[in-house]
Amino acid sequence: MDNMTFGKYIPGNSLIHRLDPRLKICTVLIFLIAVFFDVGFIGYGILAIYVLGCILLSKIKVSHILKAVKPMVFMMLFLMIFNIFLLKTGDVLVKIGSISIYSGALLQTAYIFIRLVLIITLTTLMTSTTKPLELTLAIENLLNPLKRFHFPVHELAMMISIALRFIPDLLDEAKRIMKAQASRGADFNEGSFMEKIRSIISLIIPLFISAFQRAEDLANAMESRNYNPEAKRTKYKVLSWQTSDTLAMSVSIIVCVSVVIMSFM
């Protein structure tokens, strides 16, 4: 089991690292909207070039991004097979007995695969170039208008930040548990279906216990420091919007809006 890189911050001083975290969150949301339009291969190619440009500007290794995509390959393959055999649009390309594979199914499957890769890549890039604390501040700042409706903005931002912070730790813990169970004879790759289920249970139960222990330790630490989510507090780091953020936002909007317009043309 390779280390999953989603949620793990990589220190750096690139242009992407220095951008405002609010910009990064907004860019990801705009990008998500554009990706789910039927923009065709040309549109997805433009979005892929945009993502590749962001990776190059961030100076993050491509291998780091690939490690984030790799754990999702099984889910992608499952969705692809599901679409290929159930969608009945377009012309029949292959007919095996009572099963027919349509051109529309292959096209939609390719679109799903491209969408998932683009989304995972850009999201991983955001978490790799943004500190969890900065993400917390950005989410809280963006949701500030909801405070008028007594929405727990700070609590939500804190929970998201903690979740992002502990994803890499829990994955590392899962890897250690798998090695420990393998040394005791557990086999996660071979054996019957029931044996694999028992092996997975031997992984999940210790992982849940470890997660609850971490949560309890964190809660005790916050309580010992008199943490009160409803108390008014000042901020050591104040977010500042720069000219570079405006330019980056403009480029992101132009690219995504252009691609969406292409889908209607």
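The values are calculated or read from the model by the stated rules, or taken from the named source; none is laboratory data. Owing to the predicted nature of the structure, the values given are computational and were not obtained by experimental measurement. We place every Cβ from the backbone using ideal geometry, glycine too, and count neighbours over all the protein chains shown. These area figures cover heavy atoms from the full protein model, side chains too; ligands, DNA and RNA do not enter into them. Shrake-Rupley method; radii C 1.70, N 1.55, O 1.52, S 1.80 Å.
In table form, for the structure just shown:
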item	result
Subset of the range 118-132 [part of a helix (DSSP H, G or I) and at pLDDT 80 or above]	L118, I119, I120, T121, L122, T123, T124, L125, M126, T127, S128, T129
Number of positions in the range 87-103 that are outside any strand (DSSP E or B), at negative phi, touching a residue at least 12 places away in the same chain (Cβ under 8 Å) and open to solvent by 50 Å² or more (accessible area, probe 1.4 Å)	4
Pairs where the first residue, in the range 240-256, is open to solvent by less than 90 Å² (accessible area, probe 1.4 Å) and the second is assigned to a loop (DSSP other than H, G, I, E, B) and among the acidic types (D, E), C-beta under 7 Å, 6+ apart	D245/D20
Residue list for the range 136-166, restricted to those being surrounded by fewer than 17 Cβ atoms within 10 Å (Cβ to Cβ) and of a type in the set (V, I, T)	I160, I162
Qualifying residues in the range 224-239 (those that are in contact (Cβ under 8 Å) with a residue 12 or more places away in the chain and open to solvent by less than 50 Å² (accessible area, probe 1.4 Å)) - the one nearest to A138 (Cα to Cα)	L239
Options L106, L23, L79, L52; residue that is part of a helix (DSSP H, G or I) and open to solvent by less than 20 Å² (accessible area, probe 1.4 Å)	L23
Which numbered condition F41 misses (of (1) farther than 20 Å from K67 by Cβ; (2) open to solvent by 70 Å² or more (accessible area, probe 1.4 Å); (3) modelled with pLDDT of 85 or more; (4) part of a loop (DSSP other than H, G, I, E, B))	(4)
The range 26-38 - residue that is open to solvent by 80 Å² or more (accessible area, probe 1.4 Å) and hydrophobic (A, V, I, L, M, F, W, C) and, of those, nearest to T246 (Cα to Cα)	L29
Close pairs from the range 145-156: first in contact (Cβ under 8 Å) with a residue 60 or more places away in the chain, partner of a type in the set (D, E, K, R), Cβ under 7 Å, at least 6 apart	H154/E140
